[in-house]
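Have a look at the structure below, then the notes.
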Amino acid sequence: MPKRDDRLRIVGGAVRAIREARGITTGRFARDVGVSPSHLSHIELDGYQPSWRLLQAIAQRLALPVDAITYNVDRLLYDARLVDEANEADHSPWDAVS
């Protein structure tokens, strides 16, 4: 089993939006992944970061890869730095990609 990455963060709003779009109630989803509705609400409001095991259960219940509901803090900071550097140089960070 992959080890939890402490720099990985769940996007709680995405979990809530996907759950609601699929017509799954908070209570039902919480039961399915093994937490209380209150705990799930805190996760969906980005108040709690779930354990790796719970993160996997949430992704599995939504039939999505973990990457679809998380972001990596280091990657986000790196991307933001690239954008800042490009803005300072007055060109798009995507200019070099083409």
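As I understand it, the dipole of region 8-70 uses +1 on the Cβ of Lys and Arg and -1 on the Cβ of Asp and Glu, about the Cα centre. Which of GLY34, ALA59, GLY47 lies farthest toward its positive end?
Projecting each Cα onto the dipole axis, the largest value belongs to GLY34.
Give me the Kirkwood hydrodynamic radius of region 8-60 in Å, from all C-alpha pairs, to one decimal place?
Hydrodynamic radius (Kirkwood, Cα pairs) of region 8-60 is 10.7 Å.
Every number in this text was worked out from the coordinates using simple rules, so none of it is lab data. Computed from a predicted model, the values in this text were never measured in an experiment. Heads up, the Cβs are rebuilt from the backbone with ideal geometry, glycines too, and the neighbour counts pull from every protein chain shown.
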